[in-house]
Structures are given as structure tokens and as C-alpha cells.
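The values are calculated or read from the model by the stated rules, or taken from the named source; none is laboratory data. This is a predicted model, so every value here is computed, not measured. Reconstructed Cβ throughout: ideal geometry from the backbone, glycine too, with neighbour counts over all protein chains shown.
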């Protein structure tokens, strides 16, 4: 039996009694864009994240783009500092907003952007610093916020993998104007397609995102500013409202399974555990593995699906090479991309499945160590 990274089928099954009638009500109303379901989800999501406002948009990528658009990037001040180890869509959002990415290295312990790695990339042309709460663990935000203020820049948080996360016990919006989320199906809070949201504590900021997501119009057919078209639809909001009620339970389940992995893989030769931190919502369970690709092939043969998040650091990808990246310039991110491996983790995974995955990883390295050496051939 295959053990997958995600299991949306089971999540749908356990919530079907809630989302089926919600869909029927939505279909009966006949409004499919920016209707009552989206408005209700925005209120509920903002409350759950501890924010004053939430605005539903078309994707997590769009959420980042819209926040940067709202800040009004200028040609002489359009650089955005971000980690080289993240999804390519984070950088694409910067380009779409008219910005220039400035790739920074990551902490070798957490694989996250920190102030020490971001500082060399920041300067007078910096418009924003964009930390990514990778794998569900929040970055250390106070030093990054201080760095942003030093250069009169804004902090835009990519929380696309961190639904429900807090930092220092406080909502993420307490540490900056913008927090961006994705509802891609594999996320802790996912829908059945693309979707995203921006949370903020500022009414005017939320209002500007509402204008920007809908062509710059405000309830009519007149565009008030240069904008785009990126709206969360009613169907996805129906699912998201139901799934949101399960988020804390599902995140708790992820934490317990991740701890089980920690225990089962502790001391395994060839495996390094990536620090998760107590406030992580454990979107992914990532290890650093020697001979990563061989291990991955070994697991695949045993029906275990794995992932690599992410195989190539952004500064070495063709789309972004013009922004100054070269091999060896960001060694921690480059090394991590050669080693990281995501093991199956989802709230519907059984403990027995986690143990099977961990035992298979341990078996790979034990087999390698136990393999007898070939006898030396005497020279003639």
C-alpha cells in the first residue's frame, strides 16, 4: 500500500457532512464570485489567525504580489530580500509586482531567513523584506522587522506553509503589516484548487487589497487604480470554511506525527533532523539525507512517496540568474538543496505508517553500512 505525502481524499471524507450542504446552499444562491461564502470565510479566517482583516485572493503567489503592489514599488526602490530556499512562486510574485529579488542565504540550522543572512542583501534600494515561514516554522521576526525599519522597508511575510502558526505566542500580523497565505490543496488549510489570502490589522490596507484583487473597482465598472484580477471563488470558500474548523485538530495531529518521526529517526546515521521549533505547524517533515536521491529511490520501491522542497535554490534557476546569483554564493541554501527530503506527513496518516517510513529510512542506511567490502585484488 502506497504511503503518500498528502491524503486529501480522507480529509474530504471526514468532512463531507459539512461541505456537501454548504455547496448546495451556495448553488441555490447562484452567486459564484465574491459572495456570502467568501465574506464569511474572510471573517472566520481573520479571527482564527488573530488578525483584524483577511482578504481572499486567487493564490498565495497573488497574495504576495498584491501586498507588494499595495506598497507601490518604485524603480529606484524596488528590491525585495528573500531566502534562496523557497518556492519559485515567491520570487515570481516579486517580479509580477515590478520588484527585483535579492536572494539571501539561510540559517544552516533552521533553513530559514534570519537577520544575519538578510542584512548583507539589504540597503537603500530595499522596499521589502520577505521572510518565508518554511515547512511551517515561523522565522525569527523581531530582528527582521528591525532590519526592515532600519532601511524604511516593509515586512511581507510568506506564511503559505504556516496556517495557524504563532510567533512568541502572538499572531503573525503583530509583527508586520502583511501576512500572505496559500490554500493550495496540499497546505495545512487547503482547498480543491488555487486560493490565497492576505491578513492585516489595518483597515485601509485591507481595503487596498480588495481594490487591487478586483481590477481596481469598488462595486462598479470604474477602475480606480492599476490593479489585477485575482479573487477567491465561492466554491473554494465553502470547503475552506469547513476545513478551517478542523485546522487546529489537524495541526495537532501533524505535531504528534512529526514528534514520532523525531524519536524514530534520532541517531540514524546519514540523517540530519531539520529543526522544527515548538511553534511550527509542521506543514512538511523534512530531513537532511546523505545520498538523498538513492534513499528516495529506495523508499519509492517500497511504496513511500517523498518530495524535495526544493531541489534548486532560486538564485541558480534560469528565470532569476540576471539578479546576480552564481554557484557558491549562497552555500547553506545550495547544500540544503542537495540534501533535503520531505517524508510523508498529513493529518490522516496512521502512526504505523510513520513508523514504517522511519524504519525504511533506517534500513537504507543500515544496509549501506552492513554491506561487506569487496576484497582488494592483489596486484600482479
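Being over 23 Å from the mean Cα position of the chain (by Cα) and surrounded by 20 or more Cβ atoms within 10 Å (Cβ to Cβ), is that true of even one residue in segment 276-298? Yes: one or more hits. Exactly one residue out of 84, 22 is buried (at least 16 other Cβ atoms within 10 Å of the Cβ) and out of contact with any strand residue (DSSP E or B) (no Cβ under 6 Å at 6 or more places or on another chain): that is 22. Of all the numbered requirements in (1) touching a residue at least 12 places away in the same chain (Cβ under 8 Å); (2) closer than 18 Å to residue 364 by Cβ, residue 255 misses one, and that requirement is (2).
On inspection, residue 322 passes the criterion of being within 19 Å of residue 90 (Cα to Cα) and more than 22 Å from the chain's Cα centre (by Cα). Output the residues belonging to segment 198-212 that are in contact with a helix residue (DSSP H, G or I) (Cβ under 6 Å, 6 or more places away or on another chain) and either under 17 Å from residue 48 (Cα atoms) or buried (at least 24 other Cβ atoms within 10 Å of the Cβ) (or both). Passing the criteria: 198, 199, 200, 201, 209, 212. Screening 89, 41 for residues that are crowded, with 23+ Cβ neighbours inside 10 Å, in a helix (DSSP H, G or I) and at pLDDT 95 or above leaves exactly one candidate, 41.
Exactly one residue out of 219, 196, 140, 207 is at pLDDT below 95 and either more than 12 Å from the chain's Cα centre (by Cα) or closer than 13 Å to residue 60 by Cβ (or both): that is 219. Does residue 189 fit the bill of being in contact with a helix residue (DSSP H, G or I) (Cβ under 6 Å, 6 or more places away or on another chain), assigned by TED's automatic domain parsing to the domain that holds residue 68, buried (at least 20 other Cβ atoms within 10 Å of the Cβ) and not in a loop (DSSP other than H, G, I, E, B)? Answer is no for this residue. In the set (1) closer than 21 Å to residue 160 by Cα; (2) buried (at least 20 other Cβ atoms within 10 Å of the Cβ), the condition left unmet by residue 3 is number (1).
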